[in-house]
1. Lysines within cross-link reach of Lys9: Cα-Cα under 17 Å, excluding same-chain residues under 8 positions apart?
2. Cut-off is 10 Å between beta-carbons; in what order do Glu166, Glu37 appear when sorted fewest neighbours first?
3. Using Cα springs under 10 Å in a Gaussian network model of the chain, which residue among Gln42, Gln21, Gln146 shows the largest mean-square fluctuation?
4. Taking 1 over the mean of 1/r across every pair of different Cα atoms in the stretch 3-264, what Kirkwood radius in Å do you get?
5. Label the stretch 56-207 by shape, choosing from rounded, prolate and oblate, from the square roots a ≥ b ≥ c of the eigenvalues of the Cα gyration tensor; if a/c is under 1.5 it is rounded, and otherwise prolate applies when a/b is larger than b/c, oblate when it is not.
6. Before anything else, pin down the relative contact order of the chain: Cα pairs under 8 Å, at least 6 apart, normalised by residue count, whole percent.
7. Rounded to the nearest 500, what is the 222 nm mean residue ellipticity of the chain from helices alone, with -39500 (n - 2.57) per DSSP H run of 4+ residues and division by all residues?
8. Would you mind ranking His99, His145, His169 by Cβ crowding within 10 Å, fewest neighbours first?
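Derivation of every value follows stated rules applied to the coordinates shown; laboratory data play no part. Since we're looking at a predicted model, the values are computed, not measured. Note that we place each Cβ from the backbone using ideal geometry, even for glycine, and neighbour counts take in every protein chain shown.
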Amino acid sequence: MTASDTPRKLIIGVSPRILRQVPRELGFRGKTLQYLEQSVAQWVMALDAVVFMVPTVERESLIRRAHVDIPDIVAALDGLILQGGADIDPSAYGEAPTHTVGAVDVLRDRFELDLLRAFAAAGKPVFGICRGMQLINVAFGGTLHQDLRADGATPASHVHAELYDEHKHPLRLDPRTWIGAIYGDTDEGWVNSIHHQGVKALGRGVVAGAWSDDGVIEAIRVESPGFVVGVQWHPEFHDGRDVDLLAADPLMQAFLDAAEAARGR
Ligand SMILES: [Mn+2]
């Protein structure tokens, strides 16, 4: 057996967060940063896949003239992870923003929507984390609560500034769904919670599979061939230190298994 007989490792793309107002002490005066919080990348690599960051292509910029575009990115990768981050501009789901919406980034919204639709159309898996899950719902025509509490969706807070990723709540899983199957030996658990928005109306063919104890949708899957899924919590922060929290690796393994299956087709 030679090196060429060894199948190459899966290559997973992660879309970056964008920082347009860079703190002075970091330098980069007047520049925009696209960045990756390392936990996501470390989580993927721990399960033996290669991770590349996929910088946002700004349509009006010089990069566009280099003719690198969505199909080139889809062709180069076996799967896509959409990270958490800023609120989605409500115009993406046909609403006017209320005062509860935080900073938005329309360019990132547009790029990630195009990217995820292209991966889904190519039959390559997409895994959305927090904002990424919300974006999947929006991509298929769903809507969001611009703020869960202000909308009256729940009296409980799904975000806690001081506790940050130590803020958690119980989760109920539907055993008949993909997420229920992953955690087959239990239909409940705990997850962290670092979000103030959430799914309102589900998109076309989007199915919920997990809910918080106060009824907020916490996991979805697009009901189509392929594997387009999202979770509202941040599994990349479930590092085993809090034994109450659902193990993260079964989720990532399911995503990588889907990427391997898609590669074989
Ligand atoms: Mn939550």
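1. Lys124
2. Starting with the residue having the fewest Cβ neighbours, the order is Glu166, Glu37.
3. Judging by the Gaussian network model, the answer is Gln21.
4. 18.9
5. It is oblate, given that a/c is not under 1.5 and a/b is not larger than b/c.
6. Rounded, it is 18 percent for the chain.
7. After summing the helix terms and dividing by residue count, I get -7000 deg cm²/dmol.
8. So the ranking, lowest neighbour count to highest, is His99, His169, His145.
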